[in-house]
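Since the structure comes first, as structure tokens, the remarks are kept for the end.
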Protein chains: 2
Amino acid sequence: MSEKKGFHVAVVGATGAVGQQMLQTLEKRDFPISKLTLLSSARSAGKTVSFKGVEYKLEEAKPESFQGVDIALFSAGGSVSKELAPAAVEHGAIVVDNTSAFRMDENVPLVVPEVNEQDLLNHKGVIANPNCSTIQMVVALQPLKEKYGLKKVIVSTYQAVSGSGAAAVEELTQQTQAILNNEPFTPEILPVKGDKKHYQIAFNAIPQIDKFTENGFTFEEMKMINETKKIMHSEDLKVAATCVRLPVATGHSESVYVELDSADAAVADIQALLEKAPGVVLQDQPQEQIYPMPANCVGSNDVFVGRIRQDIDVPEGFHMWVVSDNLLKGAAWNSVQIAESLIKLGLVK
Amino acid sequence: MSEKKGFHVAVVGATGAVGQQMLQTLEKRDFPISKLTLLSSARSAGKTVSFKGVEYKLEEAKPESFQGVDIALFSAGGSVSKELAPAAVEHGAIVVDNTSAFRMDENVPLVVPEVNEQDLLNHKGVIANPNCSTIQMVVALQPLKEKYGLKKVIVSTYQAVSGSGAAAVEELTQQTQAILNNEPFTPEILPVKGDKKHYQIAFNAIPQIDKFTENGFTFEEMKMINETKKIMHSEDLKVAATCVRLPVATGHSESVYVELDSADAAVADIQALLEKAPGVVLQDQPQEQIYPMPANCVGSNDVFVGRIRQDIDVPEGFHMWVVSDNLLKGAAWNSVQIAESLIKLGLVK
């Protein structure tokens, strides 16, 4: 197989919220595909999914499904990745895994192409796609790090329910309608499917994403903290996160406070830096009420940054508001972008 | 008139979202009222409002309306307060003003009774009720200040639309239904009535509350910064705020990062402190998924605090999640509470 003809691509979890976006992204990018294999759970096997006008039948994902596959994009949950990614690698595929299964594995590069594309050169078969809320933040922070250095980051998130899957979006919709109709409803999914309690998300804000760890932070918050350090190669960077779920379908927002190593930066410098930063769209004209909002980011691969302000007390401190489509740059697009980088770097056989 | 019989109370702006809550709060608290005068704009004058089962006719608020009034609760916008509060004081009334008109006036105490009740002793006729988002934060911070001292506060807010008035709540409801029905809609109020542009609030998050100032912060953010310092008598406290409007009807939430002067505190110490703090309800059992949420705070006068965590890098840094009913502790209840304090301190003739 030559690079020109394209690659045999497998998508694992093709019916999920992210899997669907992966297929749309592969189609939009006109990704060089010679053969497409769509894999799913036994439950979804046999269903058909359309890609570039052709119907594909879903096959149940098994170790032998990866025979001949060049690139396997996984997004079917951590347990599926843990079980099948090694088999895919054994069959010669490069795995781009969108779950948290391998992210903190020191043998697995955790990659956001705008930040650490070169880490792909050290891959051993599996590449991890970071957590959605981490990705958009590091894209906005990297240009600041390169020019000024980073000392400390404090982030509070405003996260959309689609990060919990398509069923959570459906729960938000149904619950909202029930409340408007003054009808009873029973929360069943959010904040965390499989946790003990479930709470109303419609017209509410839930300060829990993923389960709690022993230190009082949630796993989502610890992901933002640990993944940011790994992706940016900044073990000494101080990172703190508070993650909150909102009644928004798609589009994560983040209120980010960052302290730079240098006190030389002005707001205009940071705006100029972000204006030409890869993957970033600057939307920062407060007097014209121009700033990013989740409702405007849906369907775009970009990370939108605005509300950039210098802290009033700390000259090296800056505040900003970072918004991105959590299903695209936060998941599907970053995964496909990693696959494109792998091809560009000649890493796919 | 003796204190035992009660006081002549006037409510200015009795038909507004906060005015209605003021009347309900006066009723619930069985506030000692000998006479009640309900004042409004010329437009609303003549309407009737019920209080303790009696119908009251609204009168147009004029300078002479305050004859014989002991306590005047103002919540009809800054321009009404600026025009009529001096007249009320001239007639011998004490004014508790819920607008921003006099908050930063050095002759006007800005009071949250749990924090600085003693400032009432210096009043010159007008007492200002702080901004809603400021009040709930300082109630949670004061016990930490008293025991450990405060160095720095960084807050990101998650604010309800009722802070923009009853019409904004109606806009959220109607817009949400339109989106669920896939019908067109035109934002007309939020983020700021009277600003140039209006944006969708349903299923969105808008990083603008009030208009923008020259330094890139909004007036709401500058209120949180300046009012916090004034109420807490902490000119040197570093405060930074990012204020965001959410599709929530009532109940403001805040992600608060605070650095203490002392590195001696543990999470359990702070929990113990807040558990017995006036006006605070601790809801902090992450393993049981117990934490404050706006949907649960509505109708309560309390400030709910949870998700207390020690920062991973900064031993004197703590994160917490603070929720309160913005119409009650954030406005109506704090105003009535100030009036109760004035009586308790013997400041009402």
Helix-only CD estimate at 222 nm, as mean residue ellipticity for chain A, using -39500 (n - 2.57) per DSSP H run (n ≥ 4): -8500 deg cm²/dmol
Under the span-like rule (Cα at least 20 Å along the axis, Kyte-Doolittle mean at least -1.0), DSSP H helices of chain A: A:132-148, A:166-180
Inter-chain Cβ neighbour average for residues B:207-217, partner chain, 10 Å: 5
Kirkwood estimate for the range A:216-349, i.e. one over the average of 1/r between Cα atoms, Å: 16.5
Charge dipole of the range B:134-325 about the Cα centre (unit charges at C-beta), most positive-ward option of B:VAL258, B:LEU180, B:PHE304: B:LEU180
Proxy reagent accessibility, fewest Cβ within 10 Å first, across A:MET104, B:MET320, A:MET293, A:MET222: A:MET104, A:MET222, A:MET293, B:MET320
Label-to-label distance, nm, for residues given as B:LYS82 and A:ALA166 (7 Å Cα→Cβ offset): 5.6
Theoretical FRET efficiency, 1/(1+(r/R0)^6), r = Cβ-Cβ of B:LYS124 and A:LYS28, R0 51 Å, to 0.05: 0.20
Where rotation carries A onto B, the chain A residue whose Cβ is nearest that axis, in whole Å: A:SER156, 2
Stokes-Einstein D in µm²/s, Kirkwood radius over Cα pairs - the range A:110-164 at 4 °C with 1.567 mPa s viscosity: 100
Size of electric dipole in the protein assembly as shown: Cβ of Lys, Arg +1 and of Asp, Glu -1, about Cα centre, debye, nearest 20: 1000
Rounded FRET efficiency, nearest 0.05, which uses the C-beta distance separating A:LYS197 from B:GLU60 and R0 of 56 Å: 0.65
Per residue Cα convex hull volume in Å³ - calculated over the protein assembly as shown: 156
Considering only the range A:134-325, percent of DSSP beta bridges that pair antiparallel, nearest 5: 75
Positive-end extreme of charge dipole, chain B - chosen from B:LEU121, B:TYR291, B:SER75 (charges on Cβ): B:SER75
Nearest-20 debye value, the range B:88-195 charge dipole, Cβ charges on Lys, Arg, Asp, Glu: 540
Packing rank of A:321-332, B:241-252, A:232-243, A:264-275, where each peptide gets the mean count of other beta carbons within 10 Å, highest leading: A:321-332, B:241-252, A:232-243, A:264-275
Averaged over A:234-241, number of beta-carbon atoms from partner chains that fall within 10 Å: 3
Taking N as its residue count, the alpha carbon Rg of the range A:2-94 over 2.2 N^0.38 Å: 0.99
Estimated FRET transfer efficiency (B:LYS276, A:MET104; beta-carbon r; R0 51 Å; 0.05): 0.80
Paired Rg and Dmax values of the range A:134-325, which use every Cα atom, in angstrom: 17.7, 56
Cα centroid separation, the range B:153-202 to the range A:247-261 (Å): 20
Inter-copy spacing of B:VAL54 label points, which lie 7 Å from Cα along Cα→Cβ, given in nm from shortest upward: 8.3
Nearest-first distances (nm) between copies at B:LEU180, label 7 Å from Cα via Cβ: 0.5
Extreme residue, positive dipole direction of chain B, given options B:ALA42, B:VAL96, B:LEU347 (C-beta unit charges): B:ALA42
Estimated Rh, chain B: Kirkwood, alpha-carbon pairs, angstrom: 20.8
Pairs from B:LYS124/B:LYS151; B:LYS82/B:LYS223; B:LYS35/B:LYS62; A:LYS35/A:LYS344; A:LYS5/A:LYS344 whose Cα-Cα separation, in the structure shown, is over 23 Å: B:LYS124/B:LYS151
Fewest-first sequence of B:ASP284, A:ASP30 by Cβ atoms within 10 Å of each Cβ: A:ASP30, B:ASP284
Chain B: antiparallel DSSP beta bridges as a percent of all, rounded to 5: 50
Test item: B:191-199 mean partner chain Cβ contacts at 10 Å: 2
Teacher prompt: A:ASN107 distances to equivalent labels in other copies, 7 Å Cα→Cβ, nm: 7.7
Near-label residues of the range A:252-276 by backbone N, under 15 Å of a point 7 Å along Cα→Cβ of A:GLU146: A:270-276
30 Å Cα-Cα threshold exceeded, pairs from B:LYS57/B:LYS329; A:LYS152/B:LYS230; A:LYS57/A:LYS197: A:LYS57/A:LYS197
Fewest-first sequence of A:SER41, A:SER262 by Cβ atoms within 10 Å of each Cβ: A:SER262, A:SER41
Size of electric dipole in the range A:181-291: Cβ of Lys, Arg +1 and of Asp, Glu -1, about Cα centre, debye, nearest 20: 540
Distance-filtered residues of the range A:203-222 - backbone nitrogen under 20 Å, label point 7 angstrom along B:GLU288 Cα→Cβ: A:206-209, A:211-218
Pairwise Cα inverse-distance average, inverted: Kirkwood Rh of the range A:1-53 (Å): 11.7
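Laboratory data are not the source of any read-out in this text; all were calculated from the coordinates shown. What you see is a predicted model, and the numbers here were worked out from it, not measured in a lab. Cβ sites come from the backbone with ideal geometry, for glycine too, and all protein chains shown count toward neighbours.
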